[in-house]
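First up is the structure itself, then whatever we jot down about it.
The values are calculated or read from the model by the stated rules, or taken from the named source; none is laboratory data. Quick caveat, the model's predicted, so the values are computed rather than measured. Here the Cβ positions follow ideal geometry from the backbone for every residue, glycine too, while neighbour counts run over all protein chains shown.
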2 protein chains.
Amino acid sequence: MLAVFGHTNPDTDAITSALVYARLLTRQGVPAQAYRLGNLNFETPFVLREAGVEAPPLLPELEAGSQVALVDHNESAQSVPNLAELAVVRVVDHHKLGDLTTMQPAFLRFEPVGCTSTILLKLHREANLSVEQVDARLMLSAILSDTLHFRSPTTTPDDREAAAFLAPVAGVEDVEAYALAMFAAKSDLGDTPAETLLKMDYKVFPFGDPARSQLAQARGVQHWGIGVIETTNPGYVLGRQAELLAAMDQARAADGLNGILLSVVDILNETNVTLVLSATEEKVLREAFGVETAGGRAELGNRISRKKQIVPALEAYFTPEA
Amino acid sequence: MLAVFGHTNPDTDAITSALVYARLLTRQGVPAQAYRLGNLNFETPFVLREAGVEAPPLLPELEAGSQVALVDHNESAQSVPNLAELAVVRVVDHHKLGDLTTMQPAFLRFEPVGCTSTILLKLHREANLSVEQVDARLMLSAILSDTLHFRSPTTTPDDREAAAFLAPVAGVEDVEAYALAMFAAKSDLGDTPAETLLKMDYKVFPFGDPARSQLAQARGVQHWGIGVIETTNPGYVLGRQAELLAAMDQARAADGLNGILLSVVDILNETNVTLVLSATEEKVLREAFGVETAGGRAELGNRISRKKQIVPALEAYFTPEA
């Protein structure tokens, strides 16, 4: 049985892609089971409830050599801790290719689109398989989530086309109303502890490829944690700035990071206010983005995509000659 | 203009895949130009002549940041020397994933099939593009070449299905006769210098991933050069054993390798006799394959696929705990 899973700190796409890809593979004669690598965020339970689907179970410890399929990620830092011992036989992803290697030739399908589910829809079509209503609902939700209902600069024509195809199959008549309900669920953070908010949509990135740059070689690889809170109610999150900075301080030390950032993204107004922990982060934000920090915050304007706007600027900063 | 190229020491698939993929991308609105990274082997000119196509030009030096598409390879050791400075935006390949990374999300299409061209045919179908006769001829030739007319254990049902579809489009009525003519051209080595024979289908592999194994960590990464001569006339090649061993000795020293092997594959009888340079190679062949060396040769039996039978056994030997 092939284990299919998305990244740690799973977002909606990481969960729904595992469910949809496991079902697609099973229909194609490759028995597969979806798993998750962590707790759900506040949006995904809404999506699963609307689709009438259970959350996938937590991935159990896998023996060395077990076959796995990765969705919505490929870097070891975002995956299961013993990934190097596992046999990665399939990957469907829309992120840049990181440190993944495979022991044998494998099925890899990467496209620079806004959402893994957009690729999964193509896989259904290429296999001449109909899309079932529940899968359509899951894929549509992931596309709306990852693209912030087409507001994110990661959105591509393929994502719009996929969503337009999926909405009637999913039985979603008013896509805008459905997206707003998803975002409201995601923003209903209640009294969630600050550590949980920080880590809800959080990834660790290695920056500065020593093979590409002399400066990077001299500095060594830098590990930065970057959290994002996408919300329709940024005032609530920013009101908890002191708690969040304390959680960031703790995480930076506990995870041995060189730096940590938490971006509070206003989904509806498409703006990004990033919390700044120390002079280290302040200097990098100034030099990589040309923005100043005041009162522990930096206004990153309309840079709302970690993948497309934050990470590439940091990678260019830390690997200057590439 | 996107530069499309296969690996160094190009075989037929590396050349034809570059030609076919560049044409496919151009038809899809992505202007692309095929290149090669080295001299043609003895089979490819026959294929190009039959198809009425010119060989692609040698890749010129590309500036840092230039966009490239890789076909039939992904490891930096088999690619252009400054690959790390280039922007890899597309890869179509059927090998295991090595040390490739990308700066941005990219189009990656890897499948564990016998030939890159089998994947390229799928790309035509998925794009609803007809296959032109010349492209059919090039793809069919590459499939017959890579799978040794379906003799190689790398052959998959997808390769057979692709070839069966392509043969009538290519206007090849007798596939067997065409394959034999290709192999005869490939085996007509004349007075080619031994160094050229060694490097004709030759790749350098890093073995022993330190992240996967303590022993590998202690030993460090081992670099081995592995050449293959596929021929219908193995007696001719083996008759030049002394010259070939001298060329291997020189290459091992010049390239700073830990070991070097040259497999002489009898295409029609599906057997592999491998030339063994020194006690280092002798020990590894004994421990990884259980075969003994006599008179500078080891009989590897029906292990005729470097990708599927030689490299995985060496990788398992050098990374024992993975």
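At-a-glance table
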{"quantity": "Residue within region A:91-102 that is in a strand (DSSP E or B), over 28 Å from A:Ile226 (Cβ atoms), touching a residue at least 40 places away in the same chain (Cβ under 8 Å) and within 12 Å of chain B (Cβ to nearest Cβ) present", "calculated": "no"}
{"quantity": "Any chance A:Val284 is crowded, with 17+ Cβ neighbours inside 10 Å, farther than 27 Å from A:Phe183 by Cα and free of Cβ contacts under 8 Å to residues at least 40 places away in the same chain", "calculated": "yes"}
{"quantity": "Helices (runs of 4 or more DSSP H) wholly inside region B:146-248 containing at least 3 residues that are under 23 Å from B:Val20 (Cβ atoms) and in contact (Cβ under 8 Å) with a residue 12 or more places away in the chain", "calculated": "B:157-170, B:175-187"}
{"quantity": "Number of positions in region A:103-117 that are of a type in the set (Val, Ile, Thr) and either facing another protein chain (nearest Cβ under 7 Å) or part of a loop (DSSP other than H, G, I, E, B) (or both)", "calculated": "1"}
{"quantity": "Leading residue by the ranking (nearest to the chain's Cα centre (by Cα)) among those in region B:197-225 that are within 14 Å of another protein chain (Cβ to nearest Cβ) and of a type in the set (Phe, Trp, Tyr)", "calculated": "B:Phe205"}
{"quantity": "Any hit, region A:118-131, residues being of a type outside the set (Lys, Arg), assigned to a loop (DSSP other than H, G, I, E, B), in contact with a Cys (Cβ under 9 Å, 6 or more places away or on another chain) and buried (at least 17 other Cβ atoms within 10 Å of the Cβ)", "calculated": "no"}
{"quantity": "In region A:119-142, residue nearest to the chain's Cα centre (by Cα) [restricted to those that are under 20 Å from A:Leu180 (Cα atoms) and without any contact (Cβ under 8 Å) to a residue 40 or more places away in the chain]", "calculated": "A:Leu140"}
{"quantity": "Sole exception among (1) among the charged types (D, E, K, R); (2) surrounded by fewer than 19 Cβ atoms within 10 Å (Cβ to Cβ); (3) out of contact with any Ser or Thr (no Cβ under 8 Å at 6 or more places or on another chain) for B:Glu75, by number", "calculated": "(2)"}
{"quantity": "Residue in region B:289-322 that is farthest from B:Thr155 (Cα to Cα), counting only those that are within 14 Å of chain A (Cβ to nearest Cβ) and aromatic (Phe, Trp, Tyr)", "calculated": "B:Phe318"}
{"quantity": "Restricting region A:76-90 to residues that are touching a helix residue (DSSP H, G or I) at 6+ places or on another chain (Cβ under 9 Å) and of a type outside the set (Lys, Arg), the residue that is nearest to the other protein chains (Cβ to nearest Cβ)", "calculated": "A:Ala84"}
{"quantity": "Residue, nearest to the other protein chains (Cβ to nearest Cβ), within region A:42-68, restricted to residues that are out of contact with any Leu (no Cβ under 8 Å at 6 or more places or on another chain) and acidic (Asp, Glu)", "calculated": "A:Glu63"}
{"quantity": "Yes/no for A:Thr274 being hydroxyl-bearing (Ser, Thr, Tyr) and buried (at least 20 other Cβ atoms within 10 Å of the Cβ)", "calculated": "yes"}
{"quantity": "Residue within region A:31-41 that is in contact with a Ser or Thr (Cβ under 8 Å, 6 or more places away or on another chain), modelled with pLDDT under 95 and buried (at least 20 other Cβ atoms within 10 Å of the Cβ) present", "calculated": "yes"}
{"quantity": "Residues located in region A:151-160, provided they are in contact with a Lys or Arg (Cβ under 6 Å, 6 or more places away or on another chain) and surrounded by fewer than 18 Cβ atoms within 10 Å (Cβ to Cβ)", "calculated": "A:Pro153"}
{"quantity": "Residue match in region B:207-229 (condition: farther than 30 Å from A:Ala64 by Cβ and charged (D, E, K, R))", "calculated": "no"}
{"quantity": "Positions within region B:118-137 being touching a His at 6+ places or on another chain (Cβ under 9 Å) and more than 11 Å from chain A (Cβ to nearest Cβ), in sequence order", "calculated": "B:Thr118, B:Ser130, B:Val131, B:Asp135"}
{"quantity": "Conditions (1) surrounded by 22 or more Cβ atoms within 10 Å (Cβ to Cβ); (2) more than 14 Å from chain B (Cβ to nearest Cβ): number failed by A:Ala167", "calculated": "(1)"}
{"quantity": "Index of the failed condition, B:Leu25 passing every other in (1) closer than 30 Å to A:Pro320 by Cα; (2) part of a helix (DSSP H, G or I); (3) not β-branched (Val, Ile, Thr)", "calculated": "(1)"}
{"quantity": "Residue satisfying all of: in region B:200-217; modelled with pLDDT under 85 and among the charged types (D, E, K, R); surrounded by the fewest Cβ atoms within 10 Å (Cβ to Cβ) among these", "calculated": "B:Asp209"}
